[in-house]
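The values are calculated or read from the model by the stated rules, or taken from the named source; none is laboratory data. All figures in this text were calculated on a predicted structure; none of them were measured in a lab. Reconstructed Cβ throughout: ideal geometry from the backbone, glycine too, with neighbour counts over all protein chains shown.
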Amino acid sequence: MTSLPLSSRRALVGGSTQGIGRAVAEALAAQGATVTLLARDAARLQQVADALPTPEGQTHDFIVADYTEPELLAASVRDYLRTVGIGFDILVNNTGGPAGGPLLAATPADFRAAFEQHLIANHLLAQAVVPAMQEAGFGRIINIVSTSVKVPLPGLGVSNTIRGAVASWAKTLANEPGPARHHGQQRAARRHPHPAPHLAC
């Protein structure tokens, strides 16, 4: 893994009690970043936070929130930011994928739920953290999506559709100007039990 100078950086990592999210949190912490985990299971969040590397003496913490409720998710992050008085330098948007199944078997409710959990949640989190990034003159948003944004995967009708929408959202965000230009980055990754994340900041 490439060495990254992250000792002064703060990172918010979604879906970080398992899988890709946990692997990303561990990698960022190992490079010196102070990590705030974001997921819905408080007990597991505490376990993961306690186990994260602390090579720079970091104090990692977590926010309990559910991606299926995007407005409450973003509100929890805004409340946290008001409490600590300092913003995040890195946002990693990541959450579990929609259930599998053929496209024509999907209901409108399936699409709405996936859209809320992925694109709307990502968007509201970006709105919550980007102002501080712009003020600081530094910010990175990393969106964990899927290889299906390049080639649709069989049996993942809703996921293929929603992941593609998230990828387009991320590219659009990356091209929007601001007081300090932010860089949206996306990473395509298959979800499997022991991922080896490719990070770039």
Note to self: Tell me yes or no: at least one residue of segment 54-63 is among the hydrophobic types (A, V, I, L, M, F, W, C), touching a residue at least 12 places away in the same chain (Cβ under 8 Å) and crowded, with 17+ Cβ neighbours inside 10 Å.
What the structure shows: yes
Note to self: I need the full set of residues from segment 94-123 which are within 16 Å of the chain's Cα centre (by Cα) and assigned to a loop (DSSP other than H, G, I, E, B), in order please.
What the structure shows: 94, 95, 96, 97, 98
Next item on the list: May I ask you to verify whether residue 57 is touching a Pro at 6+ places or on another chain (Cβ under 9 Å), modelled with pLDDT of 95 or more and over 23 Å from residue 131 (Cα atoms)?
Entry: no
Notebook entry, point to check: Quick one: which of 145, 166 is buried (at least 21 other Cβ atoms within 10 Å of the Cβ) and either at pLDDT below 95 or at positive phi (or both)?
Noted result: 145
Notebook entry, point to check: Under 6 Å by Cβ, and 6 or more places apart or on different chains, what pairs join a residue from segment 131-145 that is part of a helix (DSSP H, G or I) with one that is surrounded by 17 or more Cβ atoms within 10 Å (Cβ to Cβ)?
Noted result: 132/87; 133/139; 133/182
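Matching residues to (1) farther than 22 Å from residue 126 by Cβ; (2) in contact with a helix residue (DSSP H, G or I) (Cβ under 8 Å, 6 or more places away or on another chain); (3) not charged (D, E, K, R):
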{"position": "8", "(1), (2), (3)": "no, no, yes"}
{"position": "18", "(1), (2), (3)": "yes, yes, yes"}
{"position": "27", "(1), (2), (3)": "no, no, yes"}
{"position": "31", "(1), (2), (3)": "yes, no, yes"}
{"position": "42", "(1), (2), (3)": "yes, no, yes"}
{"position": "46", "(1), (2), (3)": "yes, no, yes"}
{"position": "57", "(1), (2), (3)": "yes, no, yes"}
Checklist line | Single residue of 62, 88 found to be farther than 24 Å from residue 159 by Cα, in contact with a Lys or Arg (Cβ under 6 Å, 6 or more places away or on another chain) and either at pLDDT below 95 or among the aromatic types (Phe, Trp, Tyr) (or both) | finding: 88
Notebook entry, point to check: Quick check, is residue 126 part of a helix (DSSP H, G or I) and either within 29 Å of residue 9 (Cα to Cα) or without any contact (Cβ under 8 Å) to a residue 12 or more places away in the chain (or both)?
Noted result: yes
Note to self: Given the criterion surrounded by 22 or more Cβ atoms within 10 Å (Cβ to Cβ), touching a strand residue (DSSP E or B) at 6+ places or on another chain (Cβ under 7 Å) and free of Cβ contacts under 8 Å to residues at least 60 places away in the same chain, identify the matching residue among 42, 29.
What the structure shows: 29
Margin query: Considering only segment 50-62, I want to know if a residue exists there that is in contact with a Phe, Trp or Tyr (Cβ under 9 Å, 6 or more places away or on another chain), within 22 Å of residue 23 (Cα to Cα) and among the small types (Gly, Ala, Ser).
Written below: no
Margin query: Suppose the filter is more than 17 Å from residue 11 (Cβ to Cβ), exposed (fewer than 15 other Cβ atoms within 10 Å of the Cβ) and not polar (S, T, N, Q); does residue 102 pass it?
Written below: yes
